[in-house]
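Some notes on the structure that comes next.
The values are calculated or read from the model by the stated rules, or taken from the named source; none is laboratory data. Nothing here was measured: the structure is a model prediction, and the numbers come from that model. We place every Cβ from the backbone using ideal geometry, glycine too, and count neighbours over all the protein chains shown. These area figures cover heavy atoms from the full protein model, side chains too; ligands, DNA and RNA do not enter into them. Shrake-Rupley method; radii C 1.70, N 1.55, O 1.52, S 1.80 Å.
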Amino acid sequence: MEATVKSHFIDKGEKSPARPAILYRPTAKTGLMMWLTTVDHKRIGFLYGIFALFFFLVGGVEALLIRIQLMVPNNNVLSAEQYNTMFTMHGTTMIFLAIMPLSSAFFNFIMPLQIGARDVAFPRLNAFSLWTFVVGAIILNIGWFMHDGAPDGGWFGYAPLTSRIFNPDHSIDLWVMGLQLLGVASIAASLNFIVTIINMRAPGMTMMRLPVFTWMTLITSFLIVLAFPAITIALVELMMDRLFHTNFFEASNGGMPILWQHLFWVFGHPEVYILILPAMGVISEILPTFSRKPLFGYPIVVFSGAAIGFLGFGVWSHHMFTTGLGNIATAAFALATMAIAVPTGVKIFNWIGTLWGGHLMMRTPMMFALGFIWMFMFGGFSGIMHSAAPADAQQQDSYFVVAHFHYVLIGGSLFGLLAGIHFWFPLFFGRKVSEFWGKLSFWLIFIGFNVTFFPMHFLGLNGMPRRTFTYDGNLGWNAPNFIATIGAFILGIGVAIYFIVMVYTYFKGERVKRDYWDGRTLEWSIPNPPPEYNFRVIPTVHARDAWWYEKHHQAEIAQEKAEHAKEEAEHGGIHMPFPSIWPFFTSVGLLIGAIGVAVINHDPSPGFWGTKINVSMIGGVVMFISIYFWALEGNEGYHLHPEDGEDHDSAAKPAAKH
Amino acid sequence: MQLPSLLRTSGRIAARALFLASTLLLTGCDLNFWRMDGHQTTMIAEGPVARSQLHLFYVTCWVVIVIFILVGAALAYATFKFRARSEADEHAEPPPQGHGNPLVEVGLIAASVFALVIIAIPTLRAIWYTYEIPEAEKANAYEIKATGEQWWFRFEYPKEQIENVGPLVTSNELVIPAGRPVKIDLRTSDVIHSFWVPKLAGKVDMIPNRGNHLWLQADKPGYFWGQCAEYCGDSHAVMRFRVIALGEKEFKEWLVAQKAPARTVTPPTGANTQAKPQFTAFKEWRKNEAGYTDKFDVSPLDNWVQQQYPDKNEDAALVIQGRKVFQEKTCIVCHTVRGHEGVGINGPNLTHLGSRTTIAAGLLENNPEQLARWLRHPNDVKPGNKMYLGIGAMKGYVTTDQRGNVVSHNIVLSDAEVTALVAYLNSLK
């Protein structure tokens, strides 16, 4: 923070040079304009969360439709095409539009608070990431309202099924374009987080004092930055094949469909860790808090997280054990996959070590966290079974795999993130969720989840393949499918209760004081909801669990804080940036361009707007103009001078000026 | 797919609610699924490849169960032992702030590595064993080429050359010699498919521009269920097949019969015989309705043998009429009936269709009712199939525009024509 405080950006009262009105930054503090222009990491995190939860419900409805179709053999609730669309969009939605942005919401909201920063490194880039994510989500889902329908090529989009020969309609174009935009959003956001974590840590916050959630944010961000280029290459090649008749995957012209699988899974496997590591980070915060002792073996947990991230790039072909890799490659990837089980197992050992000898407070977040460990163990163990490649030849693309990755992604990622929402809710909104309703929703979700997915292990071993819209009744699959559907509805009711309670609590929940759970990390040191400047005084960190240390060394810290406060006041108070609309318009430009590429017909229809190239160009122009204005608009902000006693609410006096 | 059609289906969902409630009671009696003894189960191995894979599965299964019990016990113990049980517990002084124990960590890491080695050794052994036929048995191996098509399988027997024709070609029912390793070359003519006969061997994908293979062996004669295991478009779920393993002698007999041209029914003496209708009325089938009879499952191999013999009650006049319809309705453009008129290769080879136990790629039992169902409404049975929509320049039942709307009907079959076609196809033993 030193650097920011002393930078020439700080407006010390002199008038800024005159410039056209359009280049002045907006100052809206309320209403739609505030949300569209916000650069506050907490508001952006909140928006990520809202969008993610919306798409989580959309993906959930898709899942229920799938389960209804498979409830009984020879069922005909959905047509083949509808069913294929459902599982494609269920997978794509849950991965890219629900779990990832929900993790992103936590990165945004919590990570800067954990490292004692007042915002992320590039607030406007952060807004751009958010709006580009929204644009990608729109493009992916716009097909529901079009004649060609939503994508139905599977979330993995294997070539050549996704080529124009076998899938001539626009739905695949939407998928290709939507994922590219989501990639842009994810990479921009991740770079932002990396720079933030490396450069904006409070004094004394060394890397080995970072809270584990922040560590996982860092590792996940690196995974995103390194993995998304692979899928982007694949998507661009597929787009070229579809739009310009190139031959990357076109077998009849010598293209290699297998290339798609390699590129996709070089992204796809790290993606699995992109989905699970944030949840592991959340769990590593919750368990110490509710055990009231530090994380067991912090360095090993951090190191194993990094090891998982590293090895995660070397196991992609275990998704391709049945593609005829040959003995050596199969053996190598099987062994690498087994190796990755070691750091994963180490985390589980350390979580148990954290519980050992603690005073376990069985609150709802703790319930979800313990549920996470149990369910993740199941998913991890079936994962180890998959690493035995010859056995995997029987399990690949069967319901055994469906069971496995739902244990990892629901029992793992989702339980972790649901635990996180409960855990940080008092910090986000200053209200607490009812323990009764929280625990009720936990048990419903936990039971419903197991009733749904445990029978699928049996289904898979009994030979039921995935992605099948119907099955015959003479294969012994009837009872598990029926039970799974019942479980899906229990799970659905649990999730519904969870969210209804959250909405209720947001408006009517009991208000709580700061540090409701007796937390250990810096985000609990600030009032709730957090003021826009986060920290009245940037904290100085002396130990790993910084806030726990502060609470137990109050006199020392108070004196230190007073000194820092004085220093900061001398530098002109807390500098806050003004909002900006240009990130939003840049994303709008991308939306128009994407519509040009993916929605407009291949054969031009009459009129200016009927031609792909015209619409795409308009989008490009909007984007470039917005970037230009983004660069040229002033970098002013305003200063805040929160008084000593104002720590308990966010009523600091803003002294806005241009 | 579209939102309006979704809304329509939600209406149908409501209508099913009652039906589903009654099925709840039915399935309540069928909770033996943990036995996993279905036709397509991976838990019953009937050949050395599947057995090697199953054996490895059990190794992994036992290793993880042991680890699970140990770790789970530790987790459960910690949860119950250290739980705050009273108000006093909750407000007690925090416990000692320990940061971990390197010895415990290293010990646990070593233990995990050891557990993985237990899995790794049989894994490596099985990788090599399942990949290639053992050297000693290679000489005895039989070779077959399987090609995936949207949405059926083509099987070629390169060792069985037919004069002036080429290799023996059949489809959807793969007949192999039992007790002998079979090497199967896996190809595809369109998208990626995957060849999976769980009781005989794990799956291997059929990928464009890539020569894959697998080997399998059936211990003894038998009838096995198989299915495409890689998502390959609309009708992936109904792309199935069968493998029939025969003893050496039966296999030879079968080859002789298959290499012969299609069976021709002699015209009945006495001119001007009018075809008797085989069906009083056609049943209207629901979409996805089961196309098999329970009777068939009891002894499928015997039924397969039965299927090899001509139907005693066949109506020769009807068969001859059906052969004519087969030409007139342009079926011959895509289907080969060797020795008769059919020459096309886009669709399954029908030379000995009547000798197969299933039609429509292992989906429907091969009997007159199901044949009629398939011929009358192919798109209801197998959405998006090429017989209905056409392929390339070959026209199917209908022609559609870019948006998928039907613009013209090219093949229209009257009930009488369907009856005749069924009789003809049924006679192709």
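Taking every protein chain into account, the 1.4 Å probe leaves A:LEU57 with about 90 Å² of accessible area, to the nearest ten.
Helix content alone sets the calculated 222 nm mean residue ellipticity of the protein assembly as shown: runs of n ≥ 4 DSSP H residues at -39500 (n - 2.57) each, divided across all residues, give -17500 deg cm²/dmol. For peptide B:79-90, the mean count of partner chain Cβ atoms within 10 Å of a residue's Cβ comes to 4. Remark: accessible surface ordering of B:TYR129, B:TYR388 (largest first) is B:TYR129, B:TYR388, probe radius 1.4 Å. So for chain B, Kirkwood radius off the Cα pairs, Stokes-Einstein at 37 °C and 0.692 mPa s: how many µm² s⁻¹? Value of D from the Cα-based Kirkwood radius: 129 µm²/s. Each other residue within a Cβ distance under 13 Å of A:MET216 adds +1 if Lys or Arg and -1 if Asp or Glu, for a net charge of 0.
For the pair A:GLU570 and A:GLU510 in one chain, pulling the backbone fully straight at 0.36 nm per residue adds 17.7 nm over the alpha carbon distance. Positive end of the dipole of the range A:38-512 (Cβ unit charges, origin at the Cα centre): among A:ILE138, A:SER413, A:PRO480, the Cα lying farthest that way belongs to A:SER413. In this simple spin-label model, placing a label point 7 Å from the Cα along the Cα-to-Cβ direction at both B:GLU253 and B:TYR58 gives a separation of 3.6 nm. Membrane-span-like helices in chain B, defined purely by DSSP H runs whose alpha carbon atoms cover 20 Å or more axially and whose average Kyte-Doolittle hydropathy reaches -0.5, are B:3-28, B:48-81, B:102-131.
Separation of the range A:161-223 and the range B:282-357, taken as the distance between their Cα centroids, equals 55 angstrom. Along its first, second and third principal axes, ordered by size, the range A:38-512 spans 61, 47, 47 Å in Cα coordinates. Only the Cβ atoms of Lys and Arg (+1) and of Asp and Glu (-1) were treated as charged; on that basis the dipole of chain A about its Cα centre amounts to roughly 820 debye. Modelled spin labels at A:ILE500 and B:ASN164, positioned 7 Å past Cα toward Cβ, are 7.8 nm from each other. Projected over every direction and averaged, the convex hull enclosing the alpha-carbon atoms of the range B:303-429 yields 7.6 nm².
Summing charges over neighbours of B:ILE411, with a neighbour being any other residue whose Cβ is under 12 Å away from its Cβ, gives +1 when K and R count +1 and D and E count -1. Working from Cα pairs under 8 Å separated by at least six residues, relative contact order for the range B:102-248 is 23 percent. A Förster distance of 45 Å, applied to the separation of the beta-carbon atoms of B:ASN313 and A:HIS147, puts the FRET efficiency at 0.35. Helix by helix, which DSSP H runs in chain A go 27 Å or more along their axis at the Cα atoms and have an average Kyte-Doolittle hydropathy of -1.0 or more? Membrane-span-like by this rule: A:41-70, A:123-141, A:170-199, A:212-244, A:257-291, A:327-355, A:364-387, A:435-461, A:478-508, A:612-632. Ordering A:GLN559, A:SER605, A:ASN528 by the projection of their Cα atoms onto the charge dipole of the range A:479-629, which places +1 on the Cβ of Lys and Arg and -1 on the Cβ of Asp and Glu, puts A:SER605 at the extreme positive end. Kindly list the residues of the range A:495-522 that lie in the label zone of A:SER434, defined by a backbone N under 17 Å from the point 7 Å along the Cα-to-C-beta vector. It comes to A:495-512, nothing else.
The slack in the chain from A:LEU32 to A:ALA562, taken as 0.36 nm per residue of separation less the alpha-carbon distance, amounts to 187.0 nm. Each part reduced to its alpha carbon centroid, the range B:119-190 and the range A:302-333 end up 28 Å apart. For chain A, the longest stretch holding no GluC sites (Glu not before Pro) located in a DSSP loop with at most 12 other Cβ atoms within 10 Å is which? The longest such stretch corresponds to A:15-642.
Taken as Cα centroids, the range B:192-232 and the range A:108-128 sit 52 Å apart, rounded to the nearest whole angstrom.
Distance between the 7 Å Cα→Cβ label points at B:GLU132 and A:ASN635: 6.4 nm. Each of B:THR419, B:TRP128, B:VAL106 was placed along the dipole of chain B (beta-carbon charges, centred on the mean Cα), and the one lying farthest toward the positive end is B:THR419.
The percentage of C-alpha pairs in the protein assembly as shown whose separation is greater than 52 Å is 27%.
Pairs over the 28 Å Cα-Cα cut-off, from the set B:LYS252/B:LYS395; B:LYS295/B:LYS324; A:LYS347/A:LYS513; B:LYS283/B:LYS324; B:LYS259/B:LYS324: B:LYS252/B:LYS395; B:LYS295/B:LYS324; A:LYS347/A:LYS513. Under the convention that each Lys and Arg Cβ holds +1 and each Asp and Glu Cβ holds -1, the size of the dipole of chain B around its Cα centre is about 740 debye.
What the Cα convex hull of the range A:79-179 gives, in volume per residue, is 103 Å³.
Taking amide hydrogens as placed 1.01 Å from N in the peptide plane, the amide H of B:VAL175 sits under 5 Å from those of B:ILE244, each at least 5 positions away in sequence or on another chain. Computed log10 I(q)/I(0) for the range A:452-552 at 0.22 Å⁻¹: -1.13, from the Debye equation with unit scatterers placed on every C-alpha and solvent omitted. Counting Cβ atoms of other protein chains within 10 Å of each Cβ in A:251-259 and taking the mean gives 4. Counting only other chain Cβ atoms within 10 Å of each residue's Cβ, the peptide A:64-72 averages 3.
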